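Below is one structure, written out as structure tokens, with a few remarks after it.
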Amino acid sequence: MRARVRERVPVVVQGRGRRRTGARVLWVCAEAVVTCGVVVLLLVVHQVWWTNQEARAEARGQVSALEREWGMSPPGDPVDPARSARPVRPVGPVDPGEAGDAVVPVDPGAAGDGGASGGSGGGPAAPSAAFAVLRIPRIGLTAPVAHGVSKRAVLDKGYVGQYRGTAAPGAVGNFALAGHRNTHGEPFRYIDRLGVGDEISVRTRARTYVYRVDQVLRATSPRDVGVIRPVPRSIVKPSYGYGAPGAYLTLTTCTPEFSSAYRLVVWARLVSAG
């Protein structure tokens, strides 16, 4: 009898290699997502926390340096840098992209430093030395004030910036300032808490000027240039502002927080100089 030959039929198992490949792909994707999340978290920490620490240290150092310098030299109008401010120039709207996140737009020629974008308006921004110290007891603020509203040279250092072409501290006209609401020291974060009657002081080498808040414009357009004119009045909300010359102080910043959609404006009048 012939022996039966048993043939073995190979069994091919399919899908196991594909499952392994799919698992590896999922693992790589998961690692990529986690890595991206960590990078984003570090960027947020840097922007929200670390920039504040750096800018506040810079601002505190500048305030200390100014006060030491003033303490070693006698006061007097002839050496007061605020009195050497540039002559007033007309203000007008510019591209809101140049306004940054803290300011109401001004004439780019008057800004002199490229606007708040740090030089995008024509030429690099020159560093601005602080010439005054701003104090607002109501919100515990002490900050140096420098000429210009360049982000790189002024605002990102935690300074408050004076709009080019606006009046000197204590002078008739509008001493108009801008500051960050969030990040980079955020000196103007809490100016929304100011109300009628709150006092604001500006110290220069010559003397200290005290202003008293009497109007707050909670939100206006970034193009509302009327708020920083010599006699400030909103061109968007004309019921806010003034109708006669005086010695005014204007604070501007962004609102709501972490947004540049609108501008918050605080106005004050000079009440004393000593």
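Only a single item in (1) free of Cβ contacts under 8 Å to residues at least 12 places away in the same chain; (2) surrounded by fewer than 13 Cβ atoms within 10 Å (Cβ to Cβ) is not met by G243, and it is number (1). Among the residues here, G226 does not qualify as in contact with a strand residue (DSSP E or B) (Cβ under 8 Å, 6 or more places away or on another chain), small (G, A, S) and on the phi > 0 side of the Ramachandran plot.
Of the residues making up the stretch 136-176, just one is in contact with a His (Cβ under 6 Å, 6 or more places away or on another chain) and under 19 Å from R212 (Cα atoms), namely Q162.
Every residue, every condition in (1) part of a helix (DSSP H, G or I); (2) at pLDDT 70 or above, yes or no:
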| residue | (1), (2) |
| --- | --- |
| A3 | no, no |
| V12 | no, no |
| E31 | yes, yes |
| V40 | yes, no |
| V45 | yes, no |
| W50 | yes, no |
| V63 | yes, yes |
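Of the residues that make up the stretch 185-204, is at least one surrounded by fewer than 24 Cβ atoms within 10 Å (Cβ to Cβ), at positive phi and touching a residue at least 40 places away in the same chain (Cβ under 8 Å)? The answer is yes; a qualifying residue exists.
All told, P238 meets the bar of being over 29 Å from G71 (Cβ atoms), more than 23 Å from the chain's Cα centre (by Cα) and modelled with pLDDT of 95 or more. Scanning the stretch 142-164 for residues that are buried (at least 24 other Cβ atoms within 10 Å of the Cβ), among the small types (G, A, S) and assigned to a loop (DSSP other than H, G, I, E, B) gives G148, S150, G158. Each residue in the stretch 208-219 was checked for being surrounded by 18 or more Cβ atoms within 10 Å (Cβ to Cβ) and more than 14 Å from W267 (Cα to Cα), and 1 pass. Looking for something within 27 Å of V231 (Cβ to Cβ), at pLDDT 50 or above and among the charged types (D, E, K, R) - is there at least one such residue anywhere in the stretch 122-138? The answer is yes, given that some residue of the stretch 122-138 is within 27 Å of V231 (Cβ to Cβ), at pLDDT 50 or above and among the charged types (D, E, K, R).
Listed here are the residues, each with its yes/no results for (1) modelled with pLDDT of 95 or more; (2) farther than 17 Å from N52 by Cα.
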site: A153; (1), (2): no, no
site: V160; (1), (2): yes, no
site: Y163; (1), (2): yes, yes
site: A171; (1), (2): yes, yes
site: A176; (1), (2): yes, yes
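The values are calculated or read from the model by the stated rules, or taken from the named source; none is laboratory data. Bear in mind the structure is a predicted one, so any value in this text is a computation, not a measurement. Please note: Cβ atoms are built from the backbone with ideal geometry, for glycine as well, and neighbour counts cover all protein chains shown.
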